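Novice: My questions all concern the structure below.
Computed from the coordinates by the stated procedures, all read-outs in this text should not be read as laboratory data. All values reported here derive from a predicted model rather than from experimental measurement. All Cβ positions, glycine included, derive from the backbone under ideal geometry; neighbour counts span all protein chains shown.
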There are 6 protein chains.
Amino acid sequence: MLLHLSTWPEVEAYLKEHSGIILPIGSTEQHGPTGLIGTDAICAEAIARGVGEATQAVVGPTINVGMALHHTAFPGTISLRPSTLILVIQDYLTSLAQAGFTKFFFINGHGGNIATLKAAFSETYHTIGGLNLPNGDSIQCQVANWFTCSSVYKLAKELYGNQEGSHATPSEVALTQYVYPESIKTAPLSKQVASGYPIYGAVDFRRKYPDGRMGSNPDLATPEHGKQLYDLAVQELTRNYLEFVKAE
Amino acid sequence: MLLHLSTWPEVEAYLKEHSGIILPIGSTEQHGPTGLIGTDAICAEAIARGVGEATQAVVGPTINVGMALHHTAFPGTISLRPSTLILVIQDYLTSLAQAGFTKFFFINGHGGNIATLKAAFSETYHTIGGLNLPNGDSIQCQVANWFTCSSVYKLAKELYGNQEGSHATPSEVALTQYVYPESIKTAPLSKQVASGYPIYGAVDFRRKYPDGRMGSNPDLATPEHGKQLYDLAVQELTRNYLEFVKAE
Amino acid sequence: MLLHLSTWPEVEAYLKEHSGIILPIGSTEQHGPTGLIGTDAICAEAIARGVGEATQAVVGPTINVGMALHHTAFPGTISLRPSTLILVIQDYLTSLAQAGFTKFFFINGHGGNIATLKAAFSETYHTIGGLNLPNGDSIQCQVANWFTCSSVYKLAKELYGNQEGSHATPSEVALTQYVYPESIKTAPLSKQVASGYPIYGAVDFRRKYPDGRMGSNPDLATPEHGKQLYDLAVQELTRNYLEFVKAE
Amino acid sequence: MLLHLSTWPEVEAYLKEHSGIILPIGSTEQHGPTGLIGTDAICAEAIARGVGEATQAVVGPTINVGMALHHTAFPGTISLRPSTLILVIQDYLTSLAQAGFTKFFFINGHGGNIATLKAAFSETYHTIGGLNLPNGDSIQCQVANWFTCSSVYKLAKELYGNQEGSHATPSEVALTQYVYPESIKTAPLSKQVASGYPIYGAVDFRRKYPDGRMGSNPDLATPEHGKQLYDLAVQELTRNYLEFVKAE
Amino acid sequence: MLLHLSTWPEVEAYLKEHSGIILPIGSTEQHGPTGLIGTDAICAEAIARGVGEATQAVVGPTINVGMALHHTAFPGTISLRPSTLILVIQDYLTSLAQAGFTKFFFINGHGGNIATLKAAFSETYHTIGGLNLPNGDSIQCQVANWFTCSSVYKLAKELYGNQEGSHATPSEVALTQYVYPESIKTAPLSKQVASGYPIYGAVDFRRKYPDGRMGSNPDLATPEHGKQLYDLAVQELTRNYLEFVKAE
Amino acid sequence: MLLHLSTWPEVEAYLKEHSGIILPIGSTEQHGPTGLIGTDAICAEAIARGVGEATQAVVGPTINVGMALHHTAFPGTISLRPSTLILVIQDYLTSLAQAGFTKFFFINGHGGNIATLKAAFSETYHTIGGLNLPNGDSIQCQVANWFTCSSVYKLAKELYGNQEGSHATPSEVALTQYVYPESIKTAPLSKQVASGYPIYGAVDFRRKYPDGRMGSNPDLATPEHGKQLYDLAVQELTRNYLEFVKAE
C-alpha cells in the first residue's frame, strides 16, 4: 500500500489494525562516472515497495535527498545539512505520530544517512515525548540499510570480491540497472581506483577520490545481479520489518 | 534529462551550456475521500518531466512533502513546518549553486507551498549571496504552479464550473487518474460540500471541512480530462521555463 | 484603544468582551529618491489606528521592520530574514494567545511581507496548537494589505493610471504626505523608470532598479490624495476587521 | 534625522560623513495598574529622538517589543524570546553594516533587555566578522539605558526616595506623562507593594508581584518630573553618544 | 556530593530532601601571557566543590567552555556562541528539572558568561513552563560570580589595588596557583598594560589588548593569596546558596 | 599538554609545529545502581590525558555532557539534544580552526555520542568550508571510542564474557574504579538483568531496563582490571592518534 496512491480514509482504516510505516530514504549524489545520481533513492524506493507488497505495510514517500555533503564537490549532488535532515525527520514523524503511527521503519540506501538518522531518532523521541500525544512515549524508529543485509553482503562479496568497494559499488549499480534497464550508463573507468581514505569535507573528498568511486568497479554490475540482490534485500527486510512491528 | 537517472559527468557537461534546473514540488496530504494523498507530488512530477522533455532541461528529484500543516488532522498527511521547508530549499539551492546552477524553476502542485517557497527564495538569495560563489548574486528562483496556468484554469472552469472548488479539485484528481489510471478511487461523496472558510490551523480545518474537500466535486474527473490538463500545463510551463532561463 | 497607551487591567477588561487585536506591520526600506524609508510602517500604522478608532479594537505596537532583503543594497534599509520574522510573529502571537487573544488582524503596508506572514501563520497555528492553551486550536490570523483594498486600488488607478507602478508608488507616497506633511521630499526623478523585472536578490534588484522605484512616478502624489486613500482604506479594513472577528 | 522620515539618498549622503546610528529599544509589557504598556518604548523613543536632534545622528525605528517573558502572565504583554531577539538584532545590524554603519548606540528603556542585548552584540560581532564586509571587524555596539544615567538616577532618588522601586517606577511613569499627557491613568494603588523578590518565570512573577509593580509608587509621578528626567537623560546620553562615535 | 561521582539511586535519594544543584561554569580562553587558559573553569570548579562540601549540595559537571567570542583571536580560546550556550543551558535544565531539581545555582568564573546566562535563564523558564512538568513554574536560577563576592573584591583591592585590572587578574591567577601549584607560569610582562577599552569583536579586542591582559598585573599573584581568596569565596557563596534554596 | 593548564603563547608555539588536538567527550548519565554518573566522561578524560602524555599532543577540555536523551528518565542524567551537540561541536571546532588546528581527535566514552558526533563533523566541514579560513578545507575529525579498541574489547571479553553487557559494563566501571578508587560504590544487583532491547525514548528505556544496566554485571569490575584496560586503551589510541595526524 503506497501512501501516495492511497486516500485518507484508507489510511484511517489501516491505522485501526496497524501502526507501522515504511519510509524509503536515499540520496541524490554522484555515484562515479557511470552510476546514477539517484542510485541510493532508486534502490531504497524499489526495495521498500517490495517489502511493502510482501507485508501489506504502508510505504511513505521516498526521501530523495539525504546527507551527502561530502559529495557536493561533484555537480548534480544535492544534500541536506545534518541539522536540516534532523528537522525533516522530526516533521515527518510528528505528522505521522499525530495520526497514530508509532513504528517507523526507514529503508535506507545511503551509508552517509545513518549517523544523522540515528541522531534524528533520538531528537524526535524527545520532542514527540514532550507533546501530549496518546502514544508519545511509544514511538520507535529503525534504520534498515539494504546494503548491509547479511544476504546482500554475502552475494556482493561472491560476485565482486574486493571490487565491490564502498561507493558507486557494482551491487548498487546492478540494482539500479535492474530497476531502470533503459538507463544503463557506460564510460571508460580507470583501472586504478582510489580507496581507503577516510571521509572528511567535500573538497578533500574530490581530491582523494577524483572520479567519485571509492575502491569499486561498477563495470561488473549486471541487471541480473541487480534482480538477485533486490530479491535478497526484500526477503531479509521483510523479515526484519515483521519482527520490528511485532516487538514490544 | 532526469537528474536521478544521470551521472555527474553528464551534469558537468550540461552545465557547460545551461544553468537551469526544474524542481518539482508537491505535498503529501489528504485530498478528500477519493483523491490520492500524493496528488500534488504526482501532478508536479509528471508535468515537470513533460517540461523537461520539451526543453531538454534537467529535472531534479521531486520534493514529495511540502507545507501542509493545515491538513495534518487527517491521517496520512505529512508536512514540513515552514521553517523546515525554508532550510530544505536553502540546502538544495546551495548544493546546486555551488555546482553552477543559477536558474531554479519550481513546478509546484500545492497552493499551500507558495508562501513558504517565496519566503525561502528570499532567505536563500541572502544566504547564498553571503557565500563566495562566483554566481552568488545571480541566483534566480521562480515558482510555477501548474494549476494557475491560464490555459489550465480556463479548461477547468469549462469542464467543472464552480464544482472545481479549491482542494481535492476534479482537475487535480483527473490529472492523477491520467498518470495512475490503475489507482482511481471511488467512495460516496456527499452532495453538500463545505466551502468558503479561510484556512487556519489543522483542527479548525477538519472541523470546517470534515471530509477534506473544499467546495469540490472530484466525481467529475476523468483520465481524459487529466490528459488534456496535463498537455496544457506542459505547453504553458514549457514556454514559461524557456522565458525564465533566457531572461537576464 | 492603543495597546501601548493602555494598562494591563484595561486589557484584562477588554478581553472579557473581545478577542481581536490589530497589528500594524510595515517595513524599513528604500522607497525611491523621494519616498520615505518608513513609508510602509507609516501607512500601516496610520490606517491601523484609524481602524482601531472605528472598531474600538486594540491596536498593538507597529512592527516597523519586515522582510525587505531585496532592498538591502540601498542604504537605510533594514530587513529581517524570513526565518527571523517567522519567529517574531510566533513570539508575538504566543504572548497574546496566552492572554486570551485569538483573532489577529495584521494591517500590512508591504507586499514583501505577505509570503513570510502567511508562512508564519501556518507555523504559529502548529506551535500554539502544541501548547496547552484553552483556545490553542482557535487562533486565527489574517493579513490585510491596505494597498490591495479594492477601493484603494480603484482610486490609485484613477489618479495615477500605470504611473502607479509597484514600488515607491504615488499612492503610498501620498499617504505618507498626508500623515507627515512636514516631511515631503523632492528630488529630480528620471522620466525613465525601470519596470517589469521579477524580484530576486538585493544586488540584482539594485542593478535592475537603480533608483529604487519600480515603474512608479511618485511626483504625482499629493497630501490630498493621501487623505482620500487613507479614508478608503480605513473604511474598507474596518468592514473587513468586523467580519473577521465575527466569523466562526 | 529620523530614519523613517528620510530617503535612501539622504542616508547615503549621511554615511559619507558619519558611521553612527541610534536605535531605540523598549518593551511592550505591563507597568502596574496605572503605567502604560508601552512605557519602555515610549521613553526610549522620546529620548532617542532628543539625542538625535542634539547630535544630528540618524535615529532608527523603535524596537517596540523586547525581552519581557517574565511579564507575560499579565495581559497585554508581548515578548520576544531571547533567542529571537538575538536574531532580530543580528538582522538589523547586518543590514545596516552592509550599508556602512559601524557604530550602533541602543537607547534602552527596559532593564530586561540588557542581558539579551549584550549576548546579541557578541553573537553579531562574530557573525558579521564572518561575512566579507569592508568594516566587518569594526562594528561596535553600546547599550545606553536612560534610567541608569547618573543624573537621572540622582533626580529620581531626590524626587521619590525608595518609592522609586524597580518596575513601574514613578520616574518612567512621569516620563510617559510628559510625552503623552492625554494618557495619564489613575487607579487605586495599594499602599503595600511587593518588593525584593528575584525575577524568575512569568507565573512566579505574577504570584510574587500581584499588581505588577515592584516596590514602586507611580502615584508620585507628574508630567513636570517627566520633563526634568527627559532633559537630563537627553543631555547625558548626548554626551555618551558623541564619545562613543568619536572613540577608536 | 559530586554528581559525576554519584549513582542514580543516590541522586534519587537526594531529591527526596533537596531540590538544589550547583553548576560550575567557566571558560576556555586566553588569560594573558602567564594565566592558564582554563582559569575561569578551574576557579569555578574549585569553589563550587568547596561550596558543595559545605552545604552537602550536589555539584554538577563543570561547563568548561562558555561565551568567550571576544578572546578567539588568541590561540587556545574556545567559545560557544551565545545562541548555542542558551541551548546548552536549556538542555541541562530540562534534563534536571524532569528529575525534580528546581533550584539551579551557577557558580561562574567568567564575566563574559553573565549576560548570556541571564538570557538563557529567561528562555528556559519559558520553555520549561511550556512542558507539563509538575514543578515547571517553580524553576529558579541564580548566577553567582565568585569574583564579585564582596569579601573577594575587598581582599583583591587590598592586595593589588588598581593592578587587579579586569582580565587575567592577579586574583584569578592566584586562585589557579593555589589549585594547580605545579602549573605556575612565568613570562616577561610589559609594565605597560592596556586598559579601559570597551569590548567589541575578537579582532578589535586583540588590537586593543595585544597580550591579552586588561589592565592587570598577574605577577603579583601568589598561591597563598589564592588560598585566601578561595576561602572567602567559598564562605560567601555557601551563605548565598543556602539563602537561595531556602527562599520561596 | 593540557589546554586548560597552558597559556596562549604556549599554544601559539605548539601550533608552529603541530595541528592536532585531542578532545575527550563523555556523558553525564546513569550507569546502573553502582556505576558513576560521570563514568563516560571520567574514562574519556583519563585516557585522553594518557594519550596526550604519550604523544605530546594538546588535550582540550572534557565535554562532560553528551547525547544521553534515552537515559533521562533516571535522575542525575543530563543530556544535550543532538541538534545542540552539533552546534557545540561546530563552535569548538570553529574557534580552534581559526587558531590553526586542523586535526581533531575525539576520544569518546559513550556509544550514544557517536551518531551525533559524525553528523556534527559533516555539518562542521561544510560550515567551516564556507568561512574564509586558510585551512578551511583541510579540517579532519575522528571519533575514537576507547571501548571499541580491539585490545580493550578482547580483554573485556576475557575478563567478563557475556556479562560485559552493553551499558554500565564491568569494563567501564573498572576503569572508573582505577581512576577514582575512593568512589567505588556497592549496591545489591539483581541476578536478572534486562538485555537485548533496542534503544528508543527515555520512558521506554526505563521500562525495559528498570535498574539502568543493559545486560551487564558491574560487580565483576576491579580497579586492577581498570588499570589494565586503561593501559591498553592508551596504547592503542596513541597509535591511532599518531597515524591520524600523520595522514594526508
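Novice: Along Cα-to-Cβ, 7 Å out, sits the label point; list in nm, shortest first, how far the one on D:P181 is from those in the other copies.
Specialist: 2.3, 7.3, 8.4, 8.4, 9.3
Novice: Which residue in B is nearest the B/F rotation axis when you measure from the C-beta atom, and what is the distance in Å?
Specialist: It is B:N132, 4, counting Cβ atoms only.
Novice: Just going by the charge dipole of chain A, with Lys and Arg at +1 and Asp and Glu at -1 on Cβ, which of A:A13, A:L237, A:L85 is farthest out on the positive end?
Specialist: A:L85
Novice: How long are the three semi-axes of the equivalent ellipsoid of the range E:83-152, in whole Å, if each is the root of 5 times an eigenvalue of the C-alpha gyration tensor, listed from largest down?
Specialist: Value: 23, 13, 9 Å, ordered largest first.
Novice: May I ask you to derive the relative contact order of the range B:120-248, considering only C-alpha pairs under 8 Å and at least 6 residues apart, and to give it as an integer percent?
Specialist: Normalised by residue count, the contact order of the range B:120-248 is 32 percent.
Novice: Sticking with this one: Which residue, B:N132, B:N64, B:N108, tops the fluctuation ranking in a GNM of chain B built on C-alpha contacts under 10 Å?
Specialist: Comparing B:N132, B:N64, B:N108 in a Gaussian network model of chain B, the most mobile one is B:N132.
Novice: List, shortest first and in nm to one decimal, how far the label point of C:R239 (7 Å from Cα along Cα→Cβ) is from its counterparts in the other copies.
Specialist: Here C:R239 shows inter-copy label distances of 3.6, 5.9, 7.2, 7.2, 8.5 nm.
Novice: Also, quick follow-up: How big, on average over all directions, is the shadow cast by the Cα convex hull of the range C:78-195, in nm²?
Specialist: 9.8 nm²
Novice: At each listed q (0.12, 0.17, 0.19, 0.24 Å⁻¹), what is the log10 of I(q)/I(0) that the Debye formula gives for the range F:1-78 modelled as equal alpha-carbon point scatterers?
Specialist: After summing over all Cα pairs, the log10 values are -0.42, -0.68, -0.77, -1.00.
Novice: With the contact rule set at Cα under 8 Å and sequence spacing of 6 or more, what percent relative contact order holds for the range B:1-56?
Specialist: Contact order relative to length: 34 percent.
Novice: Using alpha carbons only, how many angstrom separate the centre of the range D:20-63 from the centre of the range D:185-238?
Specialist: The distance from the Cα centre of the range D:20-63 to that of the range D:185-238 comes to 17 Å.
Novice: Find the relative contact order for chain A and round it to a whole percent, using C-alpha pairs within less than 8 Å whose residues are 6+ positions apart.
Specialist: Averaging sequence separation for qualifying contacts and normalising by length gives 23 percent for chain A.
Novice: Now a separate question. What is the distance, in nm, between label points placed 7 Å from the Cα along the Cα-to-Cβ direction at A:R239 and at F:E182?
Specialist: 5.5 nm
Novice: So, one more: Take the protein assembly as shown, drop everything but the C-alpha atoms, weight them equally and run the Debye formula without solvent; then report log10 I(q)/I(0) at 0.04, 0.05, 0.07 Å⁻¹ to two decimals.
Specialist: -0.25, -0.39, -0.81
Novice: Springs between alpha-carbon pairs under 10 angstrom, Gaussian network model over chain E: which of E:L232, E:L85, E:L133 fluctuates most?
Specialist: Greatest mean-square fluctuation among the candidates belongs to E:L133.
Novice: What FRET efficiency comes out for the pair B:T148/D:S190, r = Cβ-Cβ distance, R0 = 56 Å, nearest 0.05?
Specialist: Working from the Cβ atoms, E equals 0.35.
Novice: Using only Cα atoms, what is the ratio of the radius of gyration of the range F:41-98 to 2.2 N^0.38 Å?
Specialist: That works out to 1.35 for the range F:41-98.
Novice: If you don't mind, there's one more thing I want to ask. Can you run the Rg to Rh ratio on the range E:9-49? Use alpha carbon positions and the Kirkwood inverse-distance Rh.
Specialist: Radius of gyration over Kirkwood radius for the range E:9-49 works out to 1.26.
Novice: Over 5 Å intervals from 0, what percent of Cα-Cα pairs in the range F:1-158 sits in each interval?
Specialist: Values per bin, smallest distances first: 2, 9, 17, 20, 20, 16, 10, 4, 2, 0, 0.
Novice: Here is a follow-up. Can you list the residues, at least 5 places off or on another chain, whose amide H is less than 5 Å from the amide H of D:I63, using H built in the peptide plane?
Specialist: Amide H to amide H, under 5 Å and 5 or more residues apart or across chains, D:I63 pairs with D:I25, D:G26.
Novice: Which far-off residues, 5 or more places away or on another chain, put their amide H under 5 Å from the one on C:N145, with H placed in the peptide plane?
Specialist: Placed amide hydrogens put C:N108 under 5 Å from C:N145.
Novice: Here is a follow-up. In nanometres, what is the gap between the two model label sites at D:A54 and A:S166, each 7 Å from Cα along Cα-to-Cβ?
Specialist: 6.8 nm
Novice: Set the bar at 18 Å for Cα to Cα. Now go through B:K191/B:K227; D:K16/D:K246; D:K103/D:K227; A:K118/F:K118; A:K103/A:K246; E:K103/F:K185 and name every pair that lies beyond it.
Specialist: Beyond 18 Å between Cα atoms: B:K191/B:K227; D:K103/D:K227; E:K103/F:K185.
Novice: Kindly provide log₁₀ I(q)/I(0) values, in the same order as q = 0.11, 0.12, 0.13 Å⁻¹, from the Debye equation applied to equal alpha-carbon scatterers of the range D:142-248.
Specialist: Log10 I(q)/I(0), no solvent term: -0.41, -0.48, -0.55.
Novice: Filter the DSSP H helices in chain B by two things, a Kyte-Doolittle mean of at least 0.0 and an axial alpha-carbon span of 18 angstrom or more, and list the hits by number.
Specialist: The answer, listed by residue number, is B:39-55, B:82-99, B:114-130.
Novice: Between the label point of F:N132 and that of the same position in each other copy, find the distances and list them shortest first in nm, with every label point placed 7 Å from Cα along the Cα-to-C-beta direction.
Specialist: Once sorted, the set of distances for F:N132 reads 0.5, 0.5, 5.2, 5.2, 5.2 nm.
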